[in-house]
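Asks: This is the structure I want to talk about, given as structure tokens.
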There are 2 protein chains.
Amino acid sequence: MEMEEESLRDVEQMLGKEEDDIGGMSRSISEYEGLRLRDPLLLKNNRLNTTSQIAIVGANVCPIESLDYEIIENDLFKQDWRSRARGEIRQYLLLKWMLALLIGLGTGLVAFFNNIGVENIAGFKLLLTNDLMLNHKYHQAFAVYAGCNMLLAMAAAALCAFVAPAAAGSGIPEVKAYLNGVDAPSILAPSTLFVKIFGSIFGVAAGFVVGKEGPMVHTGACIGNLLGQGGSKKYGLTWKGFKYFKNDRDRRDLITCGAAAGVAGAFRAPVGGVLFALEEAASWWRSALLWRTFFTAAVVAVVLRGFMEYCKGENCGLFGEGGLIMFDVNSVKPAYSIPDLLVVIFLGVIGGLLGSLYNYLVDKVLRTYSVINEKGPIFKIMLVMILSFLTSCCSFGVPWLSKCIPCPPHLGDQCPTVGRSGHYKNFQCPPNHYNDLASLFFTTNDDAIRNLFIAGSDKRFLLSSLLIFFVTIYILGIITYGIAIPSGLFIPVILAGASYGRVAGSLLSRFTVLDVGLFALLGAASFLGGTMRMTVSLCVILLELTNNLLMLPLVMLVLLISKSVADCFNKGVYDQIVEMKGLPYLEAHAQPYMRQLIASDVVSGPLFTLSGIEKVGNIVHALKITRHNGFPIIDEPPFSDGPELCGLVLRSHLLVLVKHKAFTMEQKEMPSIWNKFRAHDFGKAGSGKGIRLEDIELSEEEMEMYVDLHPITNRSPYTVVETTSLAKTAVLFRELGLRHLLVVPKTPGRPPIVGILTRHDFMPEHIVGLYPHCNPATK
Amino acid sequence: MEMEEESLRDVEQMLGKEEDDIGGMSRSISEYEGLRLRDPLLLKNNRLNTTSQIAIVGANVCPIESLDYEIIENDLFKQDWRSRARGEIRQYLLLKWMLALLIGLGTGLVAFFNNIGVENIAGFKLLLTNDLMLNHKYHQAFAVYAGCNMLLAMAAAALCAFVAPAAAGSGIPEVKAYLNGVDAPSILAPSTLFVKIFGSIFGVAAGFVVGKEGPMVHTGACIGNLLGQGGSKKYGLTWKGFKYFKNDRDRRDLITCGAAAGVAGAFRAPVGGVLFALEEAASWWRSALLWRTFFTAAVVAVVLRGFMEYCKGENCGLFGEGGLIMFDVNSVKPAYSIPDLLVVIFLGVIGGLLGSLYNYLVDKVLRTYSVINEKGPIFKIMLVMILSFLTSCCSFGVPWLSKCIPCPPHLGDQCPTVGRSGHYKNFQCPPNHYNDLASLFFTTNDDAIRNLFIAGSDKRFLLSSLLIFFVTIYILGIITYGIAIPSGLFIPVILAGASYGRVAGSLLSRFTVLDVGLFALLGAASFLGGTMRMTVSLCVILLELTNNLLMLPLVMLVLLISKSVADCFNKGVYDQIVEMKGLPYLEAHAQPYMRQLIASDVVSGPLFTLSGIEKVGNIVHALKITRHNGFPIIDEPPFSDGPELCGLVLRSHLLVLVKHKAFTMEQKEMPSIWNKFRAHDFGKAGSGKGIRLEDIELSEEEMEMYVDLHPITNRSPYTVVETTSLAKTAVLFRELGLRHLLVVPKTPGRPPIVGILTRHDFMPEHIVGLYPHCNPATK
């Protein structure tokens, strides 16, 4: 398996060779619970070097953070829960629904704004160029076209390079990783949201072969996060009363809703959005969540419909009916027999092969680009400019390769098309002729797809034109992803797939009665299946796009085949990107080799435990020299009969206690803490906004005082016995969405805890590093 | 909350009053891991009375069984896993896909057979009656009609009463419970499958207000189970090589596929089927499963399409295009504004209220009928006969209440309808008139729904006729469910909902521009949302039925509103039935009151532990005096330093060891067991087909020998510390699909295990029985 060898090589590099890997977002980041390892030896020896640690704390490194999807059940939480009135619970539920509503409204609005923006900017650009073309000022036309594209591209790239680098790319892999429990730096920050919205508009309008679907999903997720945090402190937008949502679990739910809303907005496919969130984005799913995402997606659909009604009255500039893709292939009535099915199967197999090749090439290109992009913002912008020029050249130049076709007489005024969209572009041709390639290249991506999906005679496009378009778009799509603009992958893949399908339909027309428009749809399905590897959600999205349910069995068939074929070669494109970005993604199932190991085999140390009533100095020391996010609490005599595991306390909770100086002079339980704090004082702050140890000033005297950690100790941490098989441990960790899992000894008479397992410990790279014979590639 | 008071009352009855509850399937069954408690005191004291136990073993009581969705990782399994060649794993995967294919083919075939059967039998009956009506022989017509109905009803009832009582009812609640981990007696047996197929055909053809959807789901699940067992030993249909599927986990996956295939077959809605399996049926879900159910559903769709093509050539008797419901409301173009939305919201609210009332009444009727049905097969058949006569009277009698309407002249030959289906039934009217009620009552349910969904002028049905139909069908639907025939709930609910929607559409026509046909669809959606409480799957099923995606936002809205409204009053109808049947269903989330308890609070005893190398006599004794299905294994000196928890061994595995007499003379480890057994020798037999202790004969000498239990011990059982909060324990138990969860002590120096938690211990009834102050109704 090629992919696995790849990751093995990564590990080797990490362990032995790469030593200069500190700044920026690099490929092979390993984390020990929020700690970015500077010294590769740290990983090897599983020991934290104390001095280097403190240096890191000082530096402004923004680490990847694990998320805690478990409910932290400490005494304070329980007290709060008990005292919480019925009304308060109802208020919480109501707020949750209200937030879902707001996410739907927000995402719908953004989707609409995005479409208006793209259609107007791109439309203006195309009209301007068209006018020059009609007057045969070809050089000026190219200059205007390429110039507009370049300006828009630079705007998008500048936003990405200087304001929010995290906004580049699709965003779906990062959202997927977040929902799996990994928070990449500032991936859901308000600045990212801003850049994603405008960068996507500029990027798509600049004529790049990129889509707005991935960015819409990311936008939806950002909106969900922003609302879940109760706004943004940095930008002065905060709402109070959102205290219930200050935890990873509720935020995760809101972000899932946002992801569903994103797809619903991008494709006007609400059910498809829900299924996308379920199949591709989310790692945990509950029935209640299904319902809430469904609601959010419904709101998006209603909002979009309302806006489109409003735009019918020419209120939206150049935004016609064209903006939100909706391909009406309702006229095609699929009736098919056995030979048709064989043709479709063939289509699926080739589509799967081409799709997995697409993934392979995207991966290679991404790795190359990431080297360039890491050199600095200027290099990022330069790369975007080169790509923009290349794309302009292709869009403007390639149509000249095509012959001019005389207009069919029965069309009358429709050919050649006046204005910016339409199937019969005049381009460089004499009057009453049209250039079929121009109607694909010299237009927006949405219009190109609509043209490809059109049913009817296969004489509309020459086979040679389709072939040229397919090859160009396939390559452009691959080399465009990875540059520093928000770029979705759906549209390039649909474009390439639809042209492939139409080519195949023309070639195979003697064997089948199926329409070439239907072939284009099936081709798009096969490419999507081959790259994204989703099934049900893609099927529903395509059906919602085309509004024809009768094609269902054929689309299903093609998706299943192309996914199966492509799965033999590599992973889905999003999984590939997650892996490449070094985000520690936890798979749903345990790997076979994990059955041969036990939990204690992978425990990494050193362990740092605290007492139930601990000296402030010790706590501060622990916080300083480690970056652990969880500390086991051990009760010792006289508070218990022997050393006894009391539970786990989180770094962020400790910081709150220390900051508010809830100290006592003596080593005794302190009941006053119950009055001083409520559970939501320990709520999780937005990413990067927690209390920092450096900001807390403590006197010598205070350092000698004690603090009672019992009220904030999670008394029911999940534990496994050290001899538990690693496979079962991994399943427990993954299914319950844990951040820390305590390993306890099997035999009595030893310290009550052996170690803590975190996400990192289940990563194949880590395990293979410890046990090279457990090569995941062999089994 | 009314429902919760209800369950409290159940517990009271169970604890103190009901003592005569042994035979048959009764309401308030509590189980201690496969043990049906005869003596209510057993539960109260949490002690098993040894003598009464042995009596039960002898009696032929078929208990509810918990299922183990955890992988039993004992040494034998691990050895097998290690030695399993790569080819073998591929074979397993291939087989799994093949089984999915077979399930799809089988279910598709049954769905088609069912439709052919119903359409032909009911068609013949209706044609016969129609002829007599045309000759004004009204009494004879009624006699023939009611007689046919009665005969068919008796056939269905006799099958249910004598061959497979488990086949009565919808089957969805039982499938849902199975997928949650509860195996009700013979619910998936081959005899049940047989009765379900034929009983459903007879029942639907007999004109009852029942559907074939629930039975189709049950049929699909039975087919999945049958194939997963490698056929049926009892009926001589077995395949070898299916050893990999001899565990609950793989069987569960196949049954999930079967459930999806059932819905796909019943509604010709493959995506809806997948979503139904996901949203309603399954309790655990994996991405791989999504893919496999999708495949199964696609196969069903292709099979059905193939058969329908075949039937176009008049090869299928009276089966026209009508059989499989597919309502083409494509002509309706929904365009709506704010007032329309308000009307739709109103429709949803009333629909939700009526839906929850439906549930309430169904529950009451079911409880009444179950008392009658328990009296014996003859009573069951009598009840069916009474209902059949009543239904015949309604279908034949109520249309007389309607006026005869003159045929609209533009329809020509179409009015009155000749033949059995069509919208303008002549019935008792003079020539060139039609009876609008007859086209709803005097036809099959599918045709009635099709007639209700027809778009166009609201003059087709008189308002009074629609009202009469609505009231009659609402009541008939409620009183029909629960009689001893296979009866689905979808069709009655859709019928009532569609007529309600059409009534509302006629009444509200001045406020809205929406079509009455669309109103019928929305009414059906509101009723379905109000009774079934599904959202996404219902939405998709309705869209696939009507083949019009433009209605999506409205259908979504109505479903959300009706579900929200109905949720204020009671549970979904399937949950209600699960609860009423006493199946211990584990909810996905922990109840709030569980946070106030800890794991050891609910542990029930007594605990029966075995040593790692145990005397045969002790094992047999343990198997005899308890019905526990899991025994903790404690290693004691000299095999360990002190008493130490080694793991858990299952009853079924012990029985295999004892049956094959893998004994040694001395208390030592026995390496030869590794050669004697392979992992699949311990595979789970089909329900009710395991090894029985009574069948094993052991000599006195053998009883004194030893057996090494280590190889079959699950060395990695999941454990919780006794002080873990019950909420967290419940989440662990539920999320990982456990059957046994070991509770270990917090402090050293005590025996290494405190107790075992099983499904029963998490039931609210059990907890409230122990801690009456933890009333689930109060929080």
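Asks: With A:Phe608, A:Phe663 as the choices, which residue is open to solvent by 10 Å² or more (accessible area, probe 1.4 Å) and in contact (Cβ under 8 Å) with a residue 40 or more places away in the chain?
Replies: Within the list A:Phe608, A:Phe663, the selection yields A:Phe663.
Asks: Which condition number does B:Val513 fail, the rest of (1) farther than 25 Å from B:Ser370 by Cβ; (2) more than 14 Å from chain A (Cβ to nearest Cβ); (3) in contact (Cβ under 8 Å) with a residue 40 or more places away in the chain; (4) out of contact with any Leu (no Cβ under 8 Å at 6 or more places or on another chain) being met?
Replies: (2)
Asks: Could you tell me whether A:Gly104 is modelled with pLDDT of 85 or more and within 14 Å of another protein chain (Cβ to nearest Cβ)?
Replies: Values: modelled with pLDDT of 85 or more: yes; within 14 Å of another protein chain (Cβ to nearest Cβ): yes.
For A:Gly104, the condition - modelled with pLDDT of 85 or more and within 14 Å of another protein chain (Cβ to nearest Cβ) - is met.
Asks: Further, regarding this structure: Could you say which residue among A:Val573, A:Val555, A:Val565 is open to solvent by less than 50 Å² (accessible area, probe 1.4 Å) and farther than 30 Å from B:Arg305 by Cα?
Replies: Going through A:Val573, A:Val555, A:Val565 in turn, just one is open to solvent by less than 50 Å² (accessible area, probe 1.4 Å) and farther than 30 Å from B:Arg305 by Cα: A:Val573.
Asks: Kindly establish whether B:Tyr718 is buried (at least 20 other Cβ atoms within 10 Å of the Cβ), more than 14 Å from chain A (Cβ to nearest Cβ) and modelled with pLDDT of 85 or more. Even if it seems obvious, please write down each step before you answer.
Replies: Values: buried (at least 20 other Cβ atoms within 10 Å of the Cβ): yes; more than 14 Å from chain A (Cβ to nearest Cβ): no; modelled with pLDDT of 85 or more: yes.
Against the criterion (buried (at least 20 other Cβ atoms within 10 Å of the Cβ), more than 14 Å from chain A (Cβ to nearest Cβ) and modelled with pLDDT of 85 or more), B:Tyr718 does not qualify.
Asks: Let me ask something additional. Filter segment A:754-774 for residues that are closer than 30 Å to B:Pro748 by Cβ and over 28 Å from the mean Cα position of the chain (by Cα); which is surrounded by the most Cβ atoms within 10 Å (Cβ to Cβ)?
Replies: Looking at residues that are closer than 30 Å to B:Pro748 by Cβ and over 28 Å from the mean Cα position of the chain (by Cα), I get A:Ile756.
Asks: How many of the residues making up segment B:721-751 are buried (at least 24 other Cβ atoms within 10 Å of the Cβ) and at pLDDT below 90?
Replies: 0
Asks: In addition: If we scan segment B:146-153, do we find a residue that is polar (S, T, N, Q), surrounded by 21 or more Cβ atoms within 10 Å (Cβ to Cβ) and over 16 Å from the mean Cα position of the chain (by Cα)?
Replies: Initially, segment B:146-153 is screened for residues polar (S, T, N, Q), giving B:149.
Filter once more, so that each one left must be surrounded by 21 or more Cβ atoms within 10 Å (Cβ to Cβ): B:149.
Subset that is over 16 Å from the mean Cα position of the chain (by Cα): B:149.
Yes - at least one qualifying residue is present in segment B:146-153.
Asks: So for segment B:654-665 (the condition being more than 14 Å from chain A (Cβ to nearest Cβ) and touching a Ser or Thr at 6+ places or on another chain (Cβ under 9 Å)), does at least one residue qualify?
Replies: yes
Asks: Same structure, new question: Residues B:Pro632, B:Pro637: which one is within 14 Å of chain A (Cβ to nearest Cβ), open to solvent by 50 Å² or more (accessible area, probe 1.4 Å) and not aliphatic (A, V, I, L, M)?
Replies: When all the criteria are applied, what remains is B:Pro637.
Asks: Looking only at residues that are surrounded by fewer than 21 Cβ atoms within 10 Å (Cβ to Cβ) and assigned to a helix (DSSP H, G or I) in segment A:279-292, which one is nearest to the other protein chains (Cβ to nearest Cβ)?
Replies: Within segment A:279-292, the match that is nearest to the other protein chains (Cβ to nearest Cβ) is A:Ser287.
Asks: Tell me, please, whether a residue that is in the same structural domain as B:Met665 (by the TED database), under 30 Å from B:Tyr706 (Cα atoms) and modelled with pLDDT of 90 or more can be found in segment B:633-641.
Replies: Step one: of segment B:633-641, the residues in the same structural domain as B:Met665 (by the TED database) are B:633-641.
Those still in the list that are under 30 Å from B:Tyr706 (Cα atoms) too: B:633-641.
Within this subset, residues satisfying the condition of being modelled with pLDDT of 90 or more are B:633-634.
Checking segment B:633-641: at least one residue is in the same structural domain as B:Met665 (by the TED database), under 30 Å from B:Tyr706 (Cα atoms) and modelled with pLDDT of 90 or more.
Asks: Among the numbered criteria (1) within 11 Å of chain A (Cβ to nearest Cβ); (2) open to solvent by 30 Å² or more (accessible area, probe 1.4 Å), which one does B:Glu579 miss?
Replies: For B:Glu579, the exception is condition (1).
Asks: Give me the residue from segment B:643-652 that is surrounded by fewer than 20 Cβ atoms within 10 Å (Cβ to Cβ) and touching a residue at least 60 places away in the same chain (Cβ under 8 Å) and, out of that set, farthest from the other protein chains (Cβ to nearest Cβ).
Replies: Checking each candidate, the answer is B:Pro643.
Asks: Step by step: first the residues of segment B:505-517, then only those that are at pLDDT 85 or above and within 37 Å of the chain's Cα centre (by Cα), then the one that is most open to solvent (accessible area, probe 1.4 Å). Which residue is that?
Replies: So, considering only residues that are at pLDDT 85 or above and within 37 Å of the chain's Cα centre (by Cα), the one most open to solvent (accessible area, probe 1.4 Å) is B:Ser506.
Asks: Since B:Pro165 meets every condition but one in (1) of a type outside the set (A, V, I, L, M, F, W, C); (2) open to solvent by less than 30 Å² (accessible area, probe 1.4 Å); (3) in contact with a Lys or Arg (Cβ under 9 Å, 6 or more places away or on another chain), which condition does it not meet?
Replies: All conditions pass for B:Pro165, except number (2).
Asks: What residue, of A:Leu554, A:Leu528, A:Leu538, A:Leu542, is under 20 Å from the mean Cα position of the chain (by Cα), within 14 Å of chain B (Cβ to nearest Cβ) and in a helix (DSSP H, G or I)?
Replies: Just one listed residue meets the conditions, A:Leu538.
Asks: Something else now. Out of all the residues in segment A:686-693, is one or more crowded, with 19+ Cβ neighbours inside 10 Å and away from chain B (no Cβ under 14 Å)?
Replies: Here is the first cut: in segment A:686-693, the residues crowded, with 19+ Cβ neighbours inside 10 Å are A:686-687.
In the following step, the residues that additionally are away from chain B (no Cβ under 14 Å) were identified as A:686-687.
Within segment A:686-693 (the criterion being crowded, with 19+ Cβ neighbours inside 10 Å and away from chain B (no Cβ under 14 Å)), the answer is yes, since at least one residue qualifies.
Residues checked against (1) open to solvent by 60 Å² or more (accessible area, probe 1.4 Å); (2) not basic (Lys, Arg):
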residue: A:His621; (1), (2): yes, yes
residue: A:Asp641; (1), (2): yes, yes
residue: A:Leu654; (1), (2): no, yes
residue: A:Lys668; (1), (2): yes, no
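Asks: Would you check if there is a residue in segment A:74-97 being over 30 Å from A:Ile381 (Cβ atoms), open to solvent by 30 Å² or more (accessible area, probe 1.4 Å) and of a type in the set (Ser, Thr, Tyr)?
Replies: Looking only at segment A:74-97, we keep the residues that are over 30 Å from A:Ile381 (Cβ atoms), and these are A:74-97.
Narrowing further to those that are open to solvent by 30 Å² or more (accessible area, probe 1.4 Å): A:75, A:77-79, A:81-94, A:97.
Subsequent filtering for residues that are of a type in the set (Ser, Thr, Tyr) retains A:83, A:92.
Yes, segment A:74-97 contains at least one residue that is over 30 Å from A:Ile381 (Cβ atoms), open to solvent by 30 Å² or more (accessible area, probe 1.4 Å) and of a type in the set (Ser, Thr, Tyr).
Asks: Residues of segment B:453-469 being buried (at least 24 other Cβ atoms within 10 Å of the Cβ) and at pLDDT 85 or above, which ones?
Replies: B:Ser465, B:Leu466, B:Phe469
Asks: Taking only pairs six or more apart or across chains, which ones have beta-carbon atoms under 9 Å, a first residue in segment A:198-216 that is assigned to a loop (DSSP other than H, G, I, E, B), and a second residue that is surrounded by 24 or more Cβ atoms within 10 Å (Cβ to Cβ) and of a type in the set (Phe, Trp, Tyr)?
Replies: A:Val209/A:Tyr481; A:Val210/A:Tyr481; A:Lys212/A:Phe490
Asks: May I pose another question? Kindly indicate which of B:Phe276, B:Phe295 is open to solvent by 20 Å² or more (accessible area, probe 1.4 Å) and either assigned to a helix (DSSP H, G or I) or modelled with pLDDT of 85 or more (or both).
Replies: B:Phe295
Asks: Also, quick follow-up: Quickly run through segment A:339-348 and pick out the residues that are open to solvent by 50 Å² or more (accessible area, probe 1.4 Å) and among the β-branched types (Val, Ile, Thr).
Replies: Once the filter is applied, which keeps residues that are open to solvent by 50 Å² or more (accessible area, probe 1.4 Å) and among the β-branched types (Val, Ile, Thr), segment A:339-348 yields only A:Ile345.
Asks: Something else about it: Has segment B:738-753 got at least one residue that is within 30 Å of the chain's Cα centre (by Cα), within 14 Å of chain A (Cβ to nearest Cβ) and in a loop (DSSP other than H, G, I, E, B)?
Replies: Yes, some residue in segment B:738-753 is within 30 Å of the chain's Cα centre (by Cα), within 14 Å of chain A (Cβ to nearest Cβ) and in a loop (DSSP other than H, G, I, E, B).
The values are calculated or read from the model by the stated rules, or taken from the named source; none is laboratory data. Since this is a predicted model, take the numbers as computed values, not measurements. Glycine gets a Cβ as well: all are built from the backbone with ideal geometry, and neighbour counts include every protein chain shown. All accessible areas refer to the heavy atoms of the entire protein, side chains included, with ligands and DNA or RNA removed. Shrake-Rupley method; radii C 1.70, N 1.55, O 1.52, S 1.80 Å.
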